[in-house]
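Taking it in order: structure first as structure tokens, then the write-up.
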Amino acid sequence: MYNERYRPQFHFSPKENWMNDPNGLVYFKGEYHLFYQYHPDGTKWGPMHWGHAVSKDLIHWDHLPIALFPDELGTIFSGCAVVDYGNTSGLKDGDEDVMVAIFTQHEEGNQKQSIAYSHDRGRTWTKYHNNPVIANPGLKDIRDPKVFWHEDANKWIMSLACGNHIRFYGSSNLLEWEHMSSFGEGYGAHGGVWECPDLIEVPVKGSEEKKWVLIVSINPGAPNGGSGMQYFVGEFNGKSFLPDESPETTHWADYGRDFYAAVSWLDTPTQEQIWIGWMSNWQYANEVPTHPWRSAMSIPRVVTLMKTENGYNLVQTPVKEIEQLRTRKTIEEHDVITHKEKPLKLSGVGPLLEMDIEVKEAQADTWGIHVRHGESQTTIAFHLKKGQWSIDRTQSGEVDFSTEFPSKDIAPFEKEVNKVQFYLDTSSLEVFLNDGESVITELIFPSQEDVEMELFARNGEVAFDRVKVTNLKGIWEKEREL
């Protein structure tokens, strides 16, 4: 177990069978809860349940039994969980604060919102006797509720994905909901259905300012194909979301092919906004060459905003807790210059690693990193004249399981490239440019475990202050019982 080919070693994955969207992210009594879309009877998408895991540090996870099962109202689609500290629902029974899950139940042609509650830190659940709490109003798609307590409005706020827009509902007790407003028709990208919304208040780096950010997953319609995530920055007054920018403006959270359905944890002890995403794409999610499990989650990331000349830009950085996986095995080079005739090769570095690059001066048209696994190669490249960077995984290893998988995925960057940080696991690559101002997340299925890095430059040279590779240890050394 956990030694299978392509098994992620420091990303969460289920022991076996199918997983997709993260659900019910909440921190309670020292535990980060991760529920997730789960099909316990196969490695392809099927009748949805809620799987469940908990962590004390967002890095090491303990598997728990399935939390929610389908019933006569349908299967259990995506949703959220809250701790009802004020017992607004009246569902508390005893001394333990009640945890409430809010989720979509799916029958063919009929999606509605239901709740369940737990008195034992999410270990066992009781479905509410009067489900659904929001009946279907006549829409084909109405799903993925995300709920939080809004202090100023003194009510629970729900964001709900409704095909081509988001509806906002309010409730004083989690049981009775009022539709307050809608947002999205004519705004942003509409190449596919809107899913998995999240409305969060995010700090702006270097200031006391905070802005509201509405997160919307979209499938298909992402900039590099298939599934992706867009976001809108603005204000929320307890009833309506008011965007700062014009309807045609579109912001993308991650330009990779494999970061989708990310939502944030509630009640984090640091009060940071931390989210996690499903590392896959609906174009090929059912076909990726893994067994006996399918899918993994991203590294949890802290979300902030950066104010730019063009508005606000979402910034993502890996949680600091991942630093505990660093080993003493490192390779570090200082004051390095590369050009066409002089690449920098770093051998024997794999297969789990963190790489940090600090750029001193770049006069080349293009520079980048070849990540080589034996004969296979994934290339991260920075096209400075074009103001773009890319990941090419067309030669990354096993790519022929889907015609949609081999890809060269492109992202813009605002100014110059100063820092590059990336995390390489057995079957994924997460790259953070300029301290997370731009991110690309990609699955790869390399032919070998041995890794060699090569920094290259074309049409000019690049000087680096530092190039550092740190080997990481895995999180599954032993199975713990909780």
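The values are calculated or read from the model by the stated rules, or taken from the named source; none is laboratory data. Keep in mind it's a predicted model, so treat the numbers as computed, not measured. A quick note on method: Cβ atoms are made from the backbone with ideal geometry, for glycine too, and the neighbour counts reach across all protein chains shown.
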**Item:** Selection within the range 1-22 - aliphatic (A, V, I, L, M) and either outside any strand (DSSP E or B) or more than 20 Å from the chain's Cα centre (by Cα) (or both)
**Value:** Met1
**Prompt:** Quick one: in the range 386-421, which of the residues that are outside any loop (DSSP other than H, G, I, E, B) and of a type in the set (Asp, Glu) is nearest to Asp356 (Cα to Cα)?
**Reply:** Asp392
**Item:** Some residue of the range 237-245 being surrounded by fewer than 16 Cβ atoms within 10 Å (Cβ to Cβ) and not in a loop (DSSP other than H, G, I, E, B)
**Value:** yes
**Message:** Would you confirm whether or not the range 301-309 contains a residue that is modelled with pLDDT under 95, assigned to a strand (DSSP E or B), assigned by TED's automatic domain parsing to the domain that holds Asn23 and not basic (Lys, Arg)?
**Reply:** yes
**Request:** Taking the options Val349, Val288, Val336, name whichever one is among the hydrophobic types (A, V, I, L, M, F, W, C), at pLDDT below 95 and either assigned to a loop (DSSP other than H, G, I, E, B) or surrounded by fewer than 18 Cβ atoms within 10 Å (Cβ to Cβ) (or both).
**Result:** Val349
**Asked** Out of all the residues in the range 249-267, is one or more among the aliphatic types (A, V, I, L, M), in a loop (DSSP other than H, G, I, E, B) and over 15 Å from Leu199 (Cα atoms)?
**Response** no
**Request:** Of the numbered conditions (1) in contact with an Asp or Glu (Cβ under 8 Å, 6 or more places away or on another chain); (2) farther than 27 Å from Thr330 by Cβ; (3) assigned to a loop (DSSP other than H, G, I, E, B), Phe445 fails exactly one; give the number of that condition.
**Result:** (2)
**Prompt:** How many of the residues in the range 378-415 are surrounded by fewer than 19 Cβ atoms within 10 Å (Cβ to Cβ) and polar (S, T, N, Q)?
**Reply:** 5
**Extreme residue, farthest from Val216 (Cα to Cα), among residues of the range 140-173 that are touching a Leu at 6+ places or on another chain (Cβ under 8 Å) and in a loop (DSSP other than H, G, I, E, B)** = Ile142
**Residue that is nearest to the chain's Cα centre (by Cα), among those in the range 76-98 that are surrounded by 19 or more Cβ atoms within 10 Å (Cβ to Cβ) and of a type in the set (S, T, N, Q)** = Ser78
**Prompt:** Within the range 424-442, can you find the residues that are under 14 Å from Glu414 (Cα atoms) and assigned to a loop (DSSP other than H, G, I, E, B)?
**Reply:** Asn434, Asp435, Gly436, Glu437
**Request:** Could you tell me which residue of the range 57-75 is nearest to Val302 (Cα to Cα), considering only residues that are part of a loop (DSSP other than H, G, I, E, B) and under 22 Å from the mean Cα position of the chain (by Cα)?
**Result:** Leu58
**Prompt:** Within the range 128-156, which residues are basic (Lys, Arg) and crowded, with 17+ Cβ neighbours inside 10 Å?
**Reply:** Arg143, Lys146, Lys155
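Results for (1) farther than 29 Å from Pro351 by Cβ; (2) crowded, with 19+ Cβ neighbours inside 10 Å, shown as yes or no for each residue.
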position	(1), (2)
Trp18	no, yes
Lys29	yes, no
Phe35	yes, yes
Glu72	yes, no
Thr104	yes, yes
**Fill in**
Of the residues in the range 210-229, those that are assigned to a strand (DSSP E or B) and crowded, with 23+ Cβ neighbours inside 10 Å come to Val213, Leu214, Ile215, Val216, Ser217, Ile218, Gly228, Met229
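If you go through the range 353-374 one residue at a time, do you hit one that is part of a loop (DSSP other than H, G, I, E, B) and touching a Ser or Thr at 6+ places or on another chain (Cβ under 9 Å)?
Yes; the residues of the range 353-374 include at least one that is part of a loop (DSSP other than H, G, I, E, B) and touching a Ser or Thr at 6+ places or on another chain (Cβ under 9 Å).
Quick check on Gly348: is it closer than 27 Å to Arg257 by Cβ and touching a residue at least 40 places away in the same chain (Cβ under 8 Å)?
In short, no.
Looking only at the range 22-57, which residues are aliphatic (A, V, I, L, M) and closer than 18 Å to Ala261 by Cα?
Those that are aliphatic (A, V, I, L, M) and closer than 18 Å to Ala261 by Cα: Leu25, Val26, Leu34, Met48, Ala53.
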**Prompt:** Residues in the range 23-56 that are touching a strand residue (DSSP E or B) at 6+ places or on another chain (Cβ under 8 Å) and part of a loop (DSSP other than H, G, I, E, B): how many?
**Reply:** 10
**Asked** In the set Ser181, Ser207, Ser172, Ser159, which member is buried (at least 21 other Cβ atoms within 10 Å of the Cβ) and not aromatic (Phe, Trp, Tyr)?
**Response** Ser159
**Fill in**
A careful count of residues in the range 83-125 that are of a type in the set (Asp, Glu) and under 18 Å from Met48 (Cβ atoms) gives 2
**Message:** Looking for something closer than 28 Å to Ile475 by Cα and over 21 Å from the mean Cα position of the chain (by Cα) - is there at least one such residue anywhere in the range 418-437?
**Reply:** yes
